[in-house]
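First the structure, in the form of structure tokens, and then the observations on it.
The values are calculated or read from the model by the stated rules, or taken from the named source; none is laboratory data. From a predicted model like this one, the values you see are computed outputs, not experimental measurements. In this analysis, Cβ positions are derived from the backbone assuming ideal geometry, glycine residues included, and neighbour counts consider all displayed protein chains. With ligands, DNA and RNA removed, areas are computed over all heavy atoms of the protein, side chains included. Shrake-Rupley method; radii C 1.70, N 1.55, O 1.52, S 1.80 Å.
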Amino acid sequence: MKLDRRDTPVSHATDAALEAYETALQQLQAYRGDPLATIDAALAQHPDFLMGHLFKAGALMTAAENRFTAMARQSLNDAAKLKGNDREERLRNGIELLVQGHYHRGGQALDDLLADYPRDALALQIGHLFDFVRGNALTLRDRVTRVLPHWTPAVPGYGYVKGMHAFGLEECNQYQQAEQAARVALSFDPRDGWAAHAIAHCMEMQGRIDDGIAWMETSSRDWQETGILAIHNWWHLGLFHLDRGNLDRVLKLYDTVIFSQPSDMLLVLVDATSMLWRLHVLGHDTGNRMQALADIWQARMDEEHGFWAFNDVHAMMAYAATGREAQAQQVMRWLEQAARGDNTNAGMVREVGMPVAKGLLAYGRQDWQGAIDNLAPVREISNRFGGSHAQRDVLSLTLIKAAVNAGRHNLARHVLAERTAGKPESALGWTMLAQVE
Ligand SMILES: [Fe+2]
């Protein structure tokens, strides 16, 4: 039985296959290079390399798209006849649960594995990203907290584990500890885009607008090669400029780095759509950009609907902002269908996705009270459909503007009080408050 560089047992492995696995893992952890291409090349040489198939299935799942889930299912099928060791069979079980749409059970299975194999970096990373998908801030932090005693600076990949911990700490509002952990991560790999991203979140949540802009602009040279993560990091820079009230600058970033070329990757579409929606509710003209996004959503939704409520409501934003009533109605029917399922997403749809989609659609129809009635009750439990605090803040912004438009100035002031207290440096909060007054 061979061991990987973190002393985790691997079966069916040649030295070359294991070497390729280490390269692919490092690419996955660093968000640089193409881990799937690396592992595919290894599997072409070693088709019975079980960890290669499991790596591929797990990595595909982290993209949180239905089309990649179909590919992950294929990888599991390719590995069905290969018998693994205890760790590999438990990893297979965890990934299978994720492929079946049982994110809570899958996340728990991976945690159970980590109790016995705390340096299984792949199980840790997949689990971490699904803690984000299911909006579980405590596990986002503590899944990493629990394994950290088994990681030392001498263990390869220690920095990336600190980077994951940083994001979990941040989502639990422990900003100082989060930033410290992220800076340790960056001392191991200054190009660690996930750790830089955790610092952006800390500054975002503390309303440190000037710090955030300076941080993202200077660190971008280090994370600009991190693909989709880099696009998300540029989106964070856009958020800082939005808070500063510099909406023209936000649109410039949109055109040059956030959505500089058409993409049908949902993680990219979600960020692009939510940024344009923010500008839309603030009354800033975005030209025909949202129409272009709505076209892409229309092309993708036949395949992606009902997979993750978080994606579905972003499609709804594009339709609501562009008055695509028929497509919006179709999303509602799809959500009703998804709500009847027995997987994790069904619960996300019932608890958050459905009311949020109704609220956004009402907003698009200028039914301000309808938007308030649907968004206000779920805004503070909206973590249950995943994403980060920063991403879900779009719901608060929409609620505030719906209240302003409805003439419900007391309600607008009520919700704005959170913003001016939490982000005293944010011009946006004070500007909106001045409008209400
Ligand atoms: Fe983020």
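See the values below:
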{"quantity": "Filter pass, residue 336 being open to solvent by 60 Å² or more (accessible area, probe 1.4 Å) and within 23 Å of the chain's Cα centre (by Cα)", "calculated": "no"}
{"quantity": "In the stretch 231-270, residue farthest from residue 215 (Cα to Cα) [restricted to those that are in contact (Cβ under 8 Å) with a residue 40 or more places away in the chain and open to solvent by 30 Å² or more (accessible area, probe 1.4 Å)]", "calculated": "265"}
{"quantity": "Criterion: within 12 Å of the ligand (Cβ to nearest atom) and at pLDDT 95 or above - qualifying residue of 241, 197", "calculated": "197"}
{"quantity": "Hey, residue 64 of a type in the set (Gly, Ala, Ser), out of contact with any Lys or Arg (no Cβ under 7 Å at 6 or more places or on another chain), in contact (Cβ under 8 Å) with a residue 24 or more places away in the chain and within 19 Å of residue 3 (Cβ to Cβ) or not", "calculated": "no"}
{"quantity": "Selected residue (criterion: farthest from residue 352 (Cα to Cα)) from residues of the stretch 133-154 that are surrounded by fewer than 15 Cβ atoms within 10 Å (Cβ to Cβ) and among the hydrophobic types (A, V, I, L, M, F, W, C)", "calculated": "154"}
{"quantity": "Residues of the stretch 271-287 classified as open to solvent by 10 Å² or more (accessible area, probe 1.4 Å) and in a helix (DSSP H, G or I), total", "calculated": "1"}
{"quantity": "Test result for residue 220, at pLDDT 95 or above, open to solvent by 10 Å² or more (accessible area, probe 1.4 Å) and farther than 26 Å from residue 165 by Cα", "calculated": "no"}
{"quantity": "Qualifying position, being assigned to a helix (DSSP H, G or I), among the basic types (Lys, Arg) and away from the ligand (no atom under 16 Å from the Cβ), among 392, 384", "calculated": "384"}
{"quantity": "Lone unmet requirement of (1) over 19 Å from residue 278 (Cβ atoms); (2) without any contact (Cβ under 8 Å) to a residue 60 or more places away in the chain; (3) open to solvent by 10 Å² or more (accessible area, probe 1.4 Å) for residue 191", "calculated": "(2)"}
{"quantity": "Top-ranked residue in the stretch 143-202 [being in a loop (DSSP other than H, G, I, E, B) and under 24 Å from residue 116 (Cα atoms); ranked as farthest from the chain's Cα centre (by Cα)]", "calculated": "154"}
{"quantity": "Single condition residue 135 does not satisfy, out of (1) outside any helix (DSSP H, G or I); (2) away from the ligand (no atom under 14 Å from the Cβ)", "calculated": "(2)"}
{"quantity": "Residue count for the stretch 367-389, restricted to those that are hydroxyl-bearing (Ser, Thr, Tyr) and open to solvent by 40 Å² or more (accessible area, probe 1.4 Å)", "calculated": "0"}
{"quantity": "Any hit, the stretch 46-56, residues being buried (at least 19 other Cβ atoms within 10 Å of the Cβ), among the charged types (D, E, K, R) and either farther than 19 Å from residue 156 by Cα or without any contact (Cβ under 8 Å) to a residue 60 or more places away in the chain (or both)", "calculated": "yes"}
{"quantity": "Any hit, the stretch 211-230, residues being in contact (Cβ under 8 Å) with a residue 12 or more places away in the chain, assigned to a loop (DSSP other than H, G, I, E, B), under 22 Å from residue 31 (Cα atoms) and away from the ligand (no atom under 16 Å from the Cβ)", "calculated": "yes"}
{"quantity": "Top-ranked residue of the stretch 299-321 - restricted to ones that are touching a Gly at 6+ places or on another chain (Cβ under 8 Å) and closer than 15 Å to residue 362 by Cα, ranked as most open to solvent (accessible area, probe 1.4 Å)", "calculated": "321"}
{"quantity": "Boolean, residue 226 is surrounded by 21 or more Cβ atoms within 10 Å (Cβ to Cβ) and of a type in the set (Ser, Thr, Tyr)", "calculated": "yes"}
{"quantity": "Residues that are closer than 23 Å to residue 196 by Cα and open to solvent by 60 Å² or more (accessible area, probe 1.4 Å), drawn from the stretch 32-45", "calculated": "33, 34"}
{"quantity": "Helices (runs of 4 or more DSSP H) wholly inside the stretch 1-93 that include at least 3 residues being over 28 Å from the mean Cα position of the chain (by Cα)", "calculated": "15-30, 35-45"}
